[in-house]
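Asks: Below: one structure in structure tokens.
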Amino acid sequence: MIIETATVLSTERAYEGTYITWFQGPGLSTNVEPGQFVMVHCSDEGVDPLFARAFSYHRVEKDRFALLYQVVGKGSGWLAQRQHGDLVRMYGPLGNGLRLPERPGNLLLIGGGVGIAPMVDMAERAVAAGHQVVAMMGARSAAHLLPASAWPREVEYVTVTEDGSAGPKGFVTQHLGKYQEWASKIYACGPNPMFIALADALRWNGRRQQPEILMEENMPCGWGMCYGCAIFTKHGVRLCCKDGPRFNLFDVF
């Protein structure tokens, strides 16, 4: 774990209510696994908000990295206002990231809402390693979708919206269709209701895909000291920050 003051390179609107901030931070960009996260102190004074906020790595390029996040409160609102040259205290990389198969295969990446954030980094690494990749994103409407330009050109990008304004109407787990049959490995990140529906859809398909998920729990400390992110699994209580955020889907749901 590296404690570092990163320099903001840029902050841009990604889509409605969601931003991408690029940072320069050599220590925080080294040996990062897809799906790991960084704890960000979203305050000038360091007292309000008191605790750092956890953000998944969205992209990593040499000594630079990007975070994709939705503005939902004071901390993320503060971060969205950072501009070029601003300094932000943070520590990471933390947690256990996603694991690419050793042999090239067919990978299905699923993101619910801002859960799509770590999947771009995963897609870039997967394509570079010779895997075929389909990325599916579920969102409320077309205005809440990550643009297709965010993905490597080799990735097939499939969108599903609750109002039907882009792609099929409904939830992403209702439209797995041919993609779940095609995939040799499945990865997902999003809210717990999405994981419950995904487990129901995949449990009896006979494919033994062992889906890996990244759980979105509140992580006040990020490294296993506060026990604020404890979850119940088939193997007992686990900490999302220390034992995860990567889990086997069927170990939890």
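The values are calculated or read from the model by the stated rules, or taken from the named source; none is laboratory data. Source: prediction; values computed, not measured. Note: ideal-geometry Cβ built from the backbone for every residue, glycine included; neighbour counts use all protein chains shown.
Asks: Name the pairs: first residue in region 149-174 and touching a residue at least 60 places away in the same chain (Cβ under 8 Å) and over 22 Å from Pro193 (Cα atoms), second residue surrounded by 13 or more Cβ atoms within 10 Å (Cβ to Cβ) and not hydroxyl-bearing (Ser, Thr, Tyr), Cβ to Cβ under 6 Å, at least 6 apart or on different chains?
Replies: Going by the 6 Å Cβ cut-off, the qualifying pairs are Ala150/Val120.
Asks: Being in a strand (DSSP E or B), in contact (Cβ under 8 Å) with a residue 60 or more places away in the chain, of a type in the set (Val, Ile, Thr) and not assigned by TED's automatic domain parsing to the domain that holds Arg53: is that true of Ile231 here? Don't jump to the end; show me each part of the working.
Replies: Details: in a strand (DSSP E or B): yes; in contact (Cβ under 8 Å) with a residue 60 or more places away in the chain: no; of a type in the set (Val, Ile, Thr): yes; not assigned by TED's automatic domain parsing to the domain that holds Arg53: yes.
No.
Asks: With the requirement that a residue be more than 25 Å from Tyr69 (Cα to Cα) and touching a residue at least 40 places away in the same chain (Cβ under 8 Å), what does region 181-209 give you? Please lay out each step first, then the result.
Replies: Step one: filter region 181-209 for residues more than 25 Å from Tyr69 (Cα to Cα), giving 181-185, 199-209.
Hits for region 181-209 are Trp182, Ala183, Ser184, Lys185, Ala199, Leu202, Arg203.
Asks: What are the pairs with Cβ atoms under 7 angstrom where one residue, in region 241-252, is of a type in the set (Val, Ile, Thr) and the other, located anywhere, is surrounded by fewer than 20 Cβ atoms within 10 Å (Cβ to Cβ)? Sequence gap at least six, or different chains.
Replies: Val252/Ile231; Val252/Thr233
Asks: Assess whether Ala139 counts as being outside the structural domain of Val32 (by TED's automatic domain parsing), more than 14 Å from the chain's Cα centre (by Cα) and without any contact (Cβ under 8 Å) to a residue 24 or more places away in the chain. I'd like the intermediate steps shown before the answer.
Replies: On the way: outside the structural domain of Val32 (by TED's automatic domain parsing): yes; more than 14 Å from the chain's Cα centre (by Cα): yes; without any contact (Cβ under 8 Å) to a residue 24 or more places away in the chain: no.
So Ala139 does not fit the description; no.
Asks: Is it true that some residue in region 11-34 is under 18 Å from Pro220 (Cα atoms), assigned to a loop (DSSP other than H, G, I, E, B) and more than 15 Å from the chain's Cα centre (by Cα)? Don't jump to the end; show me each part of the working.
Replies: Keep residues of region 11-34 that are under 18 Å from Pro220 (Cα atoms), which gives none.
No - not one qualifying residue is present in region 11-34.
Asks: Continuing with the same structure: Scan region 17-36 residue by residue and report those that are closer than 27 Å to Ala188 by Cα and surrounded by fewer than 14 Cβ atoms within 10 Å (Cβ to Cβ).
Replies: Thr30, Asn31 - these are the residues of region 17-36 that are closer than 27 Å to Ala188 by Cα and surrounded by fewer than 14 Cβ atoms within 10 Å (Cβ to Cβ).
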